[in-house]
Structures are given as C-alpha cells and as structure tokens.
Amino acid sequence: MKAIVVTDQAAGTAGMTLVERPEPPAAINDVIVEVHASGFVPTETEWPSTWTDRRDRDRTPSIPGHEMAGVVTALGYGTTGLSVGQRVFGLTDWHRDGTLAEYVAVEARNLAPLPGDVDFTVGASLPISGLTAWQGLFDHGRLRAGQSVLVHGAAGAVGSMVTQLAREFGAYVIGTGRAGDRQKALDFGAQEFVDLGNDALEDVGGVDLVFDVIGGDIQRRSAGLIRPGGTLVTVVGPPEARPADGLAVDFVVEADRAQLGEVVQRVRDGRLRTNIGYIATLDDAVAALNPTERRKGKTIIRVRP
Ligand SMILES: NC(=O)c1ccc[n+]([C@@H]2O[C@H](COP(=O)([O-])OP(=O)(O)OC[C@H]3O[C@@H](n4cnc5c(N)ncnc54)[C@H](OP(=O)(O)O)[C@@H]3O)[C@@H](O)[C@H]2O)c1
C-alpha cells in the first residue's frame, strides 16, 4: 500500500516521504480500514508516540495521522459492533502506525459508524478536534449552562469546535486568536473576541472556564482570570499555572464511540460546522502538510478520490 512515513524526528514534517509499505494485519480486537480520508495535527511530529512504541522502543519509520474516515475491510478476532463494508470514522492509537496510508489497523472500540450522508472528508476532520472539544468542555471542564468560557485559538481546529459546542450548551463564549481570526471566531459563535497580539487579555474580566490550546504566557495570564471554583483545561501539556481557587486539568483526547456519534449527529443537523481549510491527495500530501504559507483550517488528505 502507499503510505507517508517519518524517520527523522529533527526533520519534522519536512522529513515525510511517500513509500510502499505492506498492508497491516488485523490483530486481536482490530479492524482493518480502507482509509478514504485522513486528518493530521501539525504538532504530531513533536509527540513521543510518533517515534516510539509504548515501551519506548524506536518504531520508525512510522506512519503519522491519527484520525480518519473509511470502510472496514477485515475484522480481527474479538471485534464487536462493526462489520465488513461498514463506513466508519475515528481516532487511531497514538503508538501505532496511523492513517496517512491506504489501510490502517485500529481497535474497533476507537471507531464509530459514519452515517451515509456524511462525506469521508468531513468524517476525517472530526475525531481529534471534536472529541478534544467535547471531553475538555464536558468531561474535564464540567461546563454548565450560563457559564462563561475563554476559548483560545477559537478559529483553529479544536477552538472552533469548542466555541460551537460551548454556545450550544448555553455558555457565553469569548474567543481569542490573531487579529485576522476575529471574523472567523465570531462566525463560529464567539460572542466576543480578544486579539492576543493587540488587546489586553485581562480586560475580559472573570470567566468560569479557560480552554487553552496555546500554553506559556497566555495560559499563565488566563489562569488569573478564572473565578473561584472555575477550571483551566489545557491540551498542550502539564499546566504551567493554576487558578487561585479552582482546578487545572490537562488531558490527551481519547477515542469514544458514543461521543463520536454525538459530534457527527451535530454535523448532520447543522449544529456543528467543520473547519476544513485545504484538501489534498495522498500523492500530494507531503507538500500539503509542509505549506509555504499560513493556512487556515484543517488540512485533510483524501486518500481515495
Ligand atoms: N492533548 C490533546 O489531546 C490534544 C488534542 C488536539 C490538539 N492538541 C494540541 O492543541 C493545539 C492546537 O491544535 P489545533 O489542531 O486546534 O491547532 P490549530 O488549528 O493550528 O489552532 C490553533 C489556533 O490558535 C492560534 N494561536 C496559536 N498560538 C497563538 C498565539 N500565540 N496568539 C494568537 N493565536 C495563536 C493559531 O493561530 P496560527 O495558526 O496563526 O498560529 C490557530 O488559530 C496543538 O498544540 C495540538 O497539538 C492537543
């Protein structure tokens, strides 16, 4: 099969190459999915799991990409809930070969059915950003209607999902980002926007929840805005700051079939919009994932036309 591999951590995405690889076998509890579309998070080459297995052994050349939509072609022993020929989408294991390939082996529990009226390209754009937003707001942030949420990077892949879900659940949303992101963040439903380059973050006043995708100084200053009992949720590593009277939580997104179902149902009925900025074929993926200019929205690799 055709696959994109990385071999050199220092080279990052610039070290990606398109190669021929054997198709993966289905281990116990796995399904094999014929990948139709794959997502990729630009920071993947910084994650240790891209380079090593769970016992920290080198697993290069490794195939990156951990979200996809496709069709089940084989079932390993012990899989439940899926069948050959079924359309699926989901999040694949961090420490195994990923989805920038024509086939991927993935545990069945990491996948959900993809409804027939949802395009594979859309399906591949949802697992990481949708599940991260859902789990950050509801599982870790314990969001309640009427609360206020400061959503960093609100025009980005995760932030745009956080903004829309928080609004749907009755929160007041203040989005942040760069000056040029203002209209996009407002279009996704932010009620206010803070341009982090020019506006004073501190003017926001108190908020109940901060959803951080940036870290560093932005995260530290945001922690100071959190009201008593509030929460800082971050997805960029261990918290560098804590609210004076509240929780600081960092987490790594997990596959969840029921939550994937919640997300895709919202896309079908119009409550959630995807944030796809660019689509390329697998043959053009290396260039597409190494853009020479700043791109807005997610890049999706359409593995099968
Ligand atoms: N822990 C987890 O489970 C998990 C899951 C998903 C994502 N993540 C992490 O979350 C981060 C965001 O992912 P994503 O896919 O949403 O990325 P993304 O689509 O690039 O969104 C990030 C947004 O934040 C903006 N931004 C970043 N730094 C900024 C700054 N200093 N000032 C103003 N705006 C800034 C970006 O603008 P520019 O594009 O102009 O920089 C972009 O609009 C990544 O580090 C990713 O690895 C973690």
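The values are calculated or read from the model by the stated rules, or taken from the named source; none is laboratory data. Computed from a prediction, not measured in an experiment: that's the story for all the values here. Quick reminder, even Gly has a Cβ in these numbers, built from the backbone with ideal geometry, and neighbours come from all protein chains shown.
Each residue in the stretch 39-86 was checked for being without any contact (Cβ under 8 Å) to a residue 12 or more places away in the chain, within 21 Å of Met16 (Cα to Cα) and assigned to a loop (DSSP other than H, G, I, E, B), and 1 of them qualify. Taking the criterion of being out of contact with any helix residue (DSSP H, G or I) (no Cβ under 6 Å at 6 or more places or on another chain) and crowded, with 24+ Cβ neighbours inside 10 Å, the only residue of the stretch 138-149 that qualifies is Gly141.
Within the stretch 220-229, does at least one residue satisfy the condition of being crowded, with 18+ Cβ neighbours inside 10 Å, part of a loop (DSSP other than H, G, I, E, B) and within 13 Å of the ligand (Cβ to nearest atom)? The answer is no, given that none of the residues of the stretch 220-229 is crowded, with 18+ Cβ neighbours inside 10 Å, part of a loop (DSSP other than H, G, I, E, B) and within 13 Å of the ligand (Cβ to nearest atom). The listed residues are Val210, Val286, and the only one of them that is hydrophobic (A, V, I, L, M, F, W, C), assigned to a helix (DSSP H, G or I) and surrounded by 15 or more Cβ atoms within 10 Å (Cβ to Cβ) turns out to be Val286.
If you go through the stretch 4-11 one residue at a time, do you hit one that is within 16 Å of the ligand (Cβ to nearest atom) and more than 18 Å from Val104 (Cα to Cα)? Yes. Exactly one residue out of Gly175, Gly136, Gly170 is modelled with pLDDT of 95 or more and over 19 Å from Val235 (Cβ atoms), and it is Gly170.
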